[in-house]
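What follows draws every value from the coordinates through simple rules; no lab data is involved. Just so we're clear, the structure is a prediction, and the values are computed from it rather than from any experiment. Here the Cβ is made from the backbone with ideal geometry for all residues, glycine too, and neighbour counts use every protein chain on show.
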């Protein structure tokens, strides 16, 4: 098992680090798990269940030493959207079974991807699209918690469907609920960097100050629960969690016979993709800090088995959480034994201490969600992407706006589709340059950027893109125009140092181009053709037409061969 290898490689000396990290992560995970279950429209115990069996399964299979698997905010929102769309009332028995169906389908999809080793397919979700998606989802998550923070009953929906009714009914705000929520948000924000700085300034070691800050959510949960219980919260209309069934999740396969498998499959596909990308992204970042490696296909298998375990254990879909994984890493976790410790402690809470959370205000859980997801909004990253590449910036902005206004599934699909369209558009207009030789060197550069020497009857043109159906016409048009503008040209050298692939459409274009040039007395040459490309071209009509005399090893060889021909002709 991977866990055993990790522990043998880490040694017994780091066992205490794993135990401490597991305890700290559990302190964060207990309130966070319940909060994300509420975000998904599910009972709080489902969030606890999702934090017990799935992390243990991942610990035994996964390749990351510090990834903390469990319920996550974005996946919870996607679950809520899927359940509300297909079942309406999220608290119904059908919706609870639907959550388990989503977990099972997500797990099965990830397993299939792992079996066929297609982890690279998720690269179709580009970083700008993912950044825009998470930012838009964070905004949607925050607005979805307005009803719990204000006490105003609002229907779940897009940004307009939530915000507009909220401001229309702003006078109906329940003041005690608002106070619990706002005070909790303020305390959670202060418990981050401000508290750590304060403690360090008063002589507390930085590591200890960080640990104290991580305990803030559980302390706030306990404190607010005590206050709500002592003040008899239900008497003045404060919404509380209520009775949470005690005990550990009992494996159950009843969801297999439930309805909704086909209807929920599209949502499961997106949950699987987003969950995997988020998990692997976090795992790679943390692994790089310790010069460790992540096996992308093993991660597919591990996350797939974790989600199947979640379904069997009566829980919602899971993934690797950003905030929990960072906490786990910063707390000193060396192996996935820390996840075993975390899961054990959450299991103890689920088995024996759920009664303690009866008076836990829903507004406090909403505050935990809001503070956790705000960090998903990456404004500085979005500005940097916009400045660097407007096309990527457009994809990010479009996704970020589409998610809260059109829905998370539609927003993600729009982002993926737009990024692919923009990619096709950029590669359909490849950069091409006429090259000349830098004096007294073997280097060839763009004639518009450098002072270079040229041969009057030779055009050396470099194409900086793979040749395929989307840009074949643009390349052909460019070459024909350059030859037409220069009557002295007798040879055209196509420099293919940047070409890794030539598809059948581009091949047909090159073949027609070679024949058209030959009909006008112009010879076409290729230079710096990569081995795999040349292997394919050798057996084509183009390869046979050019033969070896018109296929050159480098731009230098083409320059020398054609230059000699010019001198011979002049003699």
Quiz item: Once both labels are modelled 7 Å past Cα along the beta-carbon direction, what's the residue 298-residue 93 spacing in nm?
Solution: 4.3
Practice problem: Arrange 445, 214 by Cβ neighbour counts within 10 Å, fewest through most, would you? | Solution: 445, 214
Quiz item: Beyond 18 Å, what percent of the Cα pairs of the range 498-567 remain?
Solution: 39
Exercise. Compute the acute angle (0 to 90°) between the alpha-carbon long axis of helix 337-352 and the principal axis of greatest extent of the alpha-carbon atoms of the chain; round to the nearest 10°.
Key: 30
Quiz item: Quick one: of the DSSP bridges fully inside the chain, what percent are antiparallel, nearest 5?
Solution: 45
Quiz item: Against the longest principal axis of the chain, how steep is helix 159-168, in degrees 0 to 90 to the nearest 10, with axes from Cα atoms?
Solution: 40
Self-check item: Fewest-first sequence of 335, 520, 427 by Cβ atoms within 10 Å of each Cβ
Solution: 520, 427, 335
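Counting helices only, and only those DSSP H runs with n ≥ 4, report the 222 nm mean residue ellipticity of the chain as the sum of -39,500 (n - 2.57) divided by its residues, in deg cm²/dmol to the nearest 500.
Here the helix-only value at 222 nm equals -20000 deg cm²/dmol.
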Quiz item: What's the exposure ranking of 192, 289, going from fewest to most Cβ atoms within 10 Å?
Solution: 289, 192
Quiz item: So, by mean Cβ neighbours within 10 angstrom, what's the order for 164-170, 221-227 with the highest one leading?
Solution: 221-227, 164-170
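In percent, how large is the relative contact order of the chain, given Cα pairs closer than 8 Å and 6 or more residues apart?
Working: 995 pairs, mean separation 135.6, N = 571.
Across the chain, relative contact order equals 24 percent.
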Quiz item: Extension gain residue 453-residue 391, at 0.36 nm per residue separation less the Cα-Cα distance, in nm?
Solution: 18.7 nm
Quiz prompt | the range 432-570: relative contact order as a whole-number percent, Cα under 8 Å and 6+ apart | solution = 21
Quiz item: Where both residues lie in the range 432-570, what percent of DSSP beta bridges are antiparallel, nearest 5?
Solution: 40
Quiz item: How far, in nm, would the chain grow between residue 236 and residue 179 when pulled straight, counting 0.36 nm per residue and subtracting the alpha carbon separation?
Solution: 19.2 nm
Quiz item: On a 0 to 90 degree scale, rounded to 10, what angle separates helix 362-374 from the longest Cα axis of the chain?
Solution: 20
